[in-house]
Amino acid sequence: MAILEEFKAHYGRLKFFINGKWIESKSSNIFYNTNPATAEVIAEVPIATEDEVDSAIEAAYKAFKTWRNVPFRDRADYINRLRAAFDTHHEMLSRILTQDHGRTIGDSRGTIDRCIENIESASGAMYSFYKGEYVEQLATGIDCYMMWEPVGVFLILTPGNIPMHAWSSFVPYALACGCTVIVAPSWQCPVASEAVFKVSEQVGFPPGVLNLIHVGTNFELNKKIISDPRVAGVGFIGSTAVGKQLFELCGILGKRSSINGNGKNFIVVAPDADLNAATNYLLRGCFGMSGQRCLGSDNVAIIGNIYDEVKEKFLNAAKNMKVGYGLDETVEMGPMTTKQNKEKVERFIEKGLKEGARLILDGRTLKVPNYEKGYFLGPTIFEDVHPHMEIAKEESFGPVANLIRAESLDQVIEWINTTTDYGHSACLITESGKNARKFIRECNVGNVGINAGIPQPYAFFPLGSKRQSFFGAAKSRFDSVRLFLDQKTVTVRWV
């Protein structure tokens, strides 16, 4: 099958979107963004100056004063038009995401679907959550009610693995609640982030409601924004290490935060599992998006005497996965997003070998014809992995699976709850309702899947992550309305 056409071969020098206008940055500090399948430069990205950061803060702050007072029905209309814009440009956004991130076009199309679901959920939140509560005649002549008020300006930091989905997990909710935003995306996928803003611009939001700047790897610029008294808080999806720094800063400053970090997730195959279905769940859970998923899994715990059969089926299926440029619709797995990410996963594989794990499928040997310079790693499978090895505790964030022999479901639940500090997700493949219920109740993670490889909740549920995978006042997606809104109670006596 022919490779789908790229939206553009090169996106030039990216601009900032501040106060409703595309601004050519005055910065001479730039970095180059590449297509991970080809390693070719597709954009030049300036890193914002301090004056440009201040302009974005001021624009968002001034806009908040008027945006918060836009009538409810009018603000809802903006959100509904945003949904329509994403739907209209669905394929364009999908192809740009594949070109910039590296995932398959199927995964990219699914991502835009998830973005649309978040926008719909934000619209629904306005009608269900925003209306508050009222009690008449609480006492003689006294009425009391509770109302929700928008909080202010928020910094939204999106990661390189899900630049569009993370945007939609915060921004539509902030806008629906009457807040304004400054988005500073990861350096890994700046073109995808710009594409989202170009689509959003068509909705006609008032100047300053939506602002985009690029900060590269300059954490000090993020710190400057959060520290500014005009900024109320931050929504972040990224690493636990950076998230802790943000959370600590917000605590010192008294700012609101929703901080989503790393995970170390398990897929558990029970003896009664449908092994053909289990193989498909494992492929998706371990190798989907080249392993660069918050809810993807490294650890595959196999219970009982089915180990050899599960290993054989999984190994054969992984060997036959088609790896290549994601704009080829027959490709099942794309490259790593950056060269640095690829090298980090290669170091992870070396660590596993030093710890005594045995490679039964080595993705480092993969060569993709016509894409020799791309950041490709093939599916990689370790066995002889023990849950106390470092590779079983820390996230590879690449297409790596650790096969772990287990004696019982109780043993695996103990591993999930104690061998790692993270609490993103865990999946169980089983035909037993009793075991499924036990797993759901006893696993100390925020997102549980039964007969699934990726326990992705729908947008009107929060991403429920726990422990070192989350810090803050409210989870992302629907729950983020508690980040962007604050309560006010009013007691009225007229008699």
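Of the residues that sit in region 24-62 and are among the acidic types (Asp, Glu) and touching a strand residue (DSSP E or B) at 6+ places or on another chain (Cβ under 7 Å), which one is surrounded by the most Cβ atoms within 10 Å (Cβ to Cβ)? Result: Glu52.
Of Ala125, Ala139, Ala184, Ala174, all but one fail to be surrounded by 21 or more Cβ atoms within 10 Å (Cβ to Cβ), aliphatic (A, V, I, L, M) and at pLDDT below 95; the exception is Ala125. Residue selection: Glu91 satisfies the criterion of being over 19 Å from Gly178 (Cα atoms) and either over 23 Å from the mean Cα position of the chain (by Cα) or free of Cβ contacts under 8 Å to residues at least 60 places away in the same chain (or both).
Using the structure shown, decide if Gly243 is buried (at least 19 other Cβ atoms within 10 Å of the Cβ), touching a Ser or Thr at 6+ places or on another chain (Cβ under 7 Å) and either among the basic types (Lys, Arg) or at pLDDT below 95 (or both). In short, no. For Pro369, indicate whether it is at pLDDT below 95, closer than 30 Å to Lys434 by Cα and either in contact with a Pro (Cβ under 6 Å, 6 or more places away or on another chain) or not acidic (Asp, Glu) (or both). It is false that Pro369 is at pLDDT below 95, closer than 30 Å to Lys434 by Cα and either in contact with a Pro (Cβ under 6 Å, 6 or more places away or on another chain) or not acidic (Asp, Glu) (or both). Note on region 4-23: among residues that are touching a Phe, Trp or Tyr at 6+ places or on another chain (Cβ under 8 Å) and in a loop (DSSP other than H, G, I, E, B), the one that is surrounded by the fewest Cβ atoms within 10 Å (Cβ to Cβ) is Gly20. Screening Ala76 with (1) at pLDDT 95 or above; (2) surrounded by 17 or more Cβ atoms within 10 Å (Cβ to Cβ) gives one miss only, at (1).
For region 365-399, filtered to residues that are part of a strand (DSSP E or B) and among the hydrophobic types (A, V, I, L, M, F, W, C), the residue that is surrounded by the most Cβ atoms within 10 Å (Cβ to Cβ) is Phe382. Taking region 256-292 as the range and being over 25 Å from Glu390 (Cβ atoms), in a strand (DSSP E or B) and either under 15 Å from the mean Cα position of the chain (by Cα) or not small (Gly, Ala, Ser) (or both) as the test, the residues that pass are Arg256, Ser258. Within region 317-333, residues that are within 19 Å of Ala278 (Cβ to Cβ) and in the same structural domain as Glu372 (by TED's automatic domain parsing) sit with their Cβ atoms under 9 Å from residues that are part of a strand (DSSP E or B) and not aromatic (Phe, Trp, Tyr), at 6+ positions apart or across chains, in these pairs: Ala318/Leu361; Ala318/Thr380; Ala318/Ile381; Ala318/Ala401; Lys319/Leu361; Met321/Met333; Glu332/Val323; Met333/Val323.
Within region 436-466, the set of residues being among the charged types (D, E, K, R) and either within 17 Å of the chain's Cα centre (by Cα) or within 17 Å of Gly285 (Cβ to Cβ) (or both) comprises Lys466 only. As a summary of the residue check, Asn402 satisfies the conditions (1) more than 23 Å from Arg109 (Cα to Cα); (2) modelled with pLDDT of 95 or more; (3) in a loop (DSSP other than H, G, I, E, B); (4) not charged (D, E, K, R) except for the one numbered (3). Looking at Phe439, Phe478, just one residue is touching a strand residue (DSSP E or B) at 6+ places or on another chain (Cβ under 9 Å) and under 30 Å from Pro150 (Cα atoms), and that residue is Phe478.
The residue that is farthest from Thr430 (Cα to Cα), among those in region 290-306 that are in contact with a Ser or Thr (Cβ under 8 Å, 6 or more places away or on another chain) and among the aliphatic types (A, V, I, L, M), is Leu295. Scanning region 417-469 for residues that are aliphatic (A, V, I, L, M), in contact (Cβ under 8 Å) with a residue 40 or more places away in the chain and out of contact with any Asp or Glu (no Cβ under 6 Å at 6 or more places or on another chain) yields a count of 7.
The values are calculated or read from the model by the stated rules, or taken from the named source; none is laboratory data. Predicted model only: the values in this text are computed from it and were never measured. Quick reminder, even Gly has a Cβ in these numbers, built from the backbone with ideal geometry, and neighbours come from all protein chains shown.
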